[in-house]
Amino acid sequence: MLFKSRSAEDVYSEPVINGEDQHLMLLKISNIFSKHKTNVKIVVSPLYDEIKLNPKDLDILSFYFGEKNIYDFSGPSHFSLNIGNYYEKN
């Protein structure tokens, strides 16, 4: 079987933005974007395993870059339902 079965319930990733250094780095990136008037969009892509981005990480990204600039397609969606959207080679 090429594709493993997936859980029917929502599964969230562990938080990955959790240190002062990471917050400082995101602040610096955000400040550079503001200084240069950069219109940035952050896209969290869907994965076959349909794991959702941790809500704490999503809140942090929204804080630094603006909620309207974050596109979270993680977790179950019309993108991840069709296994034809994935490519795996043995």
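The values are calculated or read from the model by the stated rules, or taken from the named source; none is laboratory data. Since this is a predicted model, take the numbers as computed values, not measurements. Ideal geometry is used to build each Cβ from the backbone, glycine not excepted, and the neighbour counts take in all protein chains shown.
So, in region 57-78, of the ones that are closer than 15 Å to LEU27 by Cβ and among the aromatic types (Phe, Trp, Tyr), which residue ends up surrounded by the fewest Cβ atoms within 10 Å (Cβ to Cβ)? The residue in question is PHE63.
Determine whether region 21-39 contains at least one residue that is surrounded by 12 or more Cβ atoms within 10 Å (Cβ to Cβ) and among the acidic types (Asp, Glu). Within region 21-39, not a single residue is surrounded by 12 or more Cβ atoms within 10 Å (Cβ to Cβ) and among the acidic types (Asp, Glu). Just to be sure, is LYS37 on the phi > 0 side of the Ramachandran plot and not small (Gly, Ala, Ser)? For LYS37, the condition - on the phi > 0 side of the Ramachandran plot and not small (Gly, Ala, Ser) - is met. If the condition is being of a type in the set (Gly, Ala, Ser) and modelled with pLDDT of 70 or more, then region 1-27 contributes SER13, GLY19. When ILE51, ILE60 are checked against the criterion of being of a type outside the set (Lys, Arg) and within 11 Å of the chain's Cα centre (by Cα), a single residue qualifies: ILE51. Selection over region 30-44 of residues that are touching a strand residue (DSSP E or B) at 6+ places or on another chain (Cβ under 9 Å) and assigned to a loop (DSSP other than H, G, I, E, B) gives a count of 1.
Within region 56-90, how many residues turn out to be at pLDDT below 80 and in a loop (DSSP other than H, G, I, E, B)? Going through region 56-90 one residue at a time, the tally reaches 7.
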